[in-house]
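Heads up: the structure comes next, in structure tokens.
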Amino acid sequence: MDDYKNPTSETPYGQPEGGSATAARMKLSEKAAEAKEKVADFGRKTVDNLDESRKTTAGALDQTAAKLHSGGEQLSGVAHAAADQISGVAHATADKLHAAADYIRETDLKGMGEDLKDIVKRYPGPALAAAAVLGFIVARSFRRD
């Protein structure tokens, strides 16, 4: 039994030898280039959308910080010690929100990725715990749908 020889001159993968195989490879190469371009275009659009949402997020954080500052000032007019503590916490939180807004506004996605990588390297345990919690939350959100 001589099944190894192929009388129709096809390659072991069922492709005809010669020009047809070359044409098939060229078509495959073109499809791969198209797919690569589509992925790159999708990536560019995604980055643009994320950059735009960074600005929106920073603005929302600034507005929240301003509201906390004004709310804290209203509480500081009350003569109670608890009100003073709440006012101090409100101002401190507002300052941190404002700093976060500045960071988001001034740092691009690549810089944020590098910062995140540094934090994970510095604190691997808490980073792993945060990733587990985030994974759990994402899984629960898919389960409800």
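Every read-out reported here was derived from the displayed coordinates using simple, explicitly stated rules and does not represent laboratory data. Keep in mind the model is a prediction, meaning the values are calculated, not measured.
With θ set to phi - 60°, apply the Karplus curve 6.51 cos²θ - 1.76 cosθ + 1.60 along the range 128-143 and write out the HN-Hα couplings as whole Hz, x wherever there is a Gly or Pro.
For the range 128-143, the Karplus curve yields 5, 5, 5, 5, 5, 5, 4, x, 4, 5, 5, 4, 5, 5, 6, 5 Hz.
With viscosity set to 0.692 mPa s at 37 °C, what whole-number translational diffusion coefficient in µm²/s follows for the range 23-75 from Stokes-Einstein and a Kirkwood radius over Cα pairs? Mind dumping the intermediate values first?
Details: Rh = 14.7 Å.
For the chosen part, D equals 224 µm²/s.
Quick check: residue separation of VAL133 and THR57 times 0.36 nm, minus the Cα distance between them. What number comes out in nm? Provide the component values of the computation, followed by the final result.
Numbers: separation 76, 0.36 × 76 = 27.36 nm, distance 2.25 nm.
So the extension gain works out to 25.1 nm.
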